[in-house]
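**Student:** What follows is a single structure, and I will ask about it in a moment.
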Amino acid sequence: MLSQRLRATNNLAHLIVRLQVMDPDIDQDYAEFLKLLGMRIKQMRKERGLSLRDMVVKHNYHDSQWRKYERGGPMNVPSLLKIAKSFGTSLSVLLEGLGEYAAACGGEVKPRVKKKQSESRPDNGKKKKT
């Protein structure tokens, strides 16, 4: 019962976080982050000589769930912690270097500056009388 409640709470928190992200640039970054994380997970599994079957049998993952992780599907924090534990490493090692925007952009991350409404209109923000 407690496990179901925790799972429901975690799924709801994940959904809320995803609903709050409405910026297409952020969504693209999120998708790229997940893809890179999936590649890292697959690489770490292979480096340790583990097969997909090993992940199912030895570490209690469902086959389709593990494949989803390696393809870059969405995952929650408890799943990330379990993956790190399965590999005998820390979460920081698992995520190291992923999502470093300044390095990926080749420069400093600059905040977006919103234009005032009058700056975005060619008539200086004044309405024309009809």
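**Student:** Tally time: how many residues in segment 42-88 are under 28 Å from Gln28 (Cβ atoms), surrounded by 13 or more Cβ atoms within 10 Å (Cβ to Cβ) and either touching a Pro at 6+ places or on another chain (Cβ under 7 Å) or polar (S, T, N, Q) (or both)?
**Tutor:** 3
**Student:** Looking at (1) surrounded by fewer than 12 Cβ atoms within 10 Å (Cβ to Cβ); (2) modelled with pLDDT under 55, which one does Ala13 not meet, given that it meets all the others?
**Tutor:** (1)
**Student:** Can you name the residue in segment 34-55 that is part of a helix (DSSP H, G or I) and either at pLDDT below 90 or among the basic types (Lys, Arg) (or both) and is also nearest to Val93 (Cα to Cα) among such residues?
**Tutor:** Within segment 34-55, the first condition is being part of a helix (DSSP H, G or I), and the residues that meet it are 34-47, 52-55.
Right, trim to either at pLDDT below 90 or among the basic types (Lys, Arg) (or both) and you get 35, 40, 42, 45-46, 53.
Working: Lys35: 17, Arg40: 10, Lys42: 14, Arg45: 14, Lys46: 16, Arg53: 24 Å.
Taking the candidates together, the pick is Arg40.
The values are calculated or read from the model by the stated rules, or taken from the named source; none is laboratory data. In this text, all values refer to a predicted model and were calculated from it rather than measured experimentally. Cβ atoms come from the backbone with ideal geometry, glycine included; neighbour counts cover every protein chain shown.
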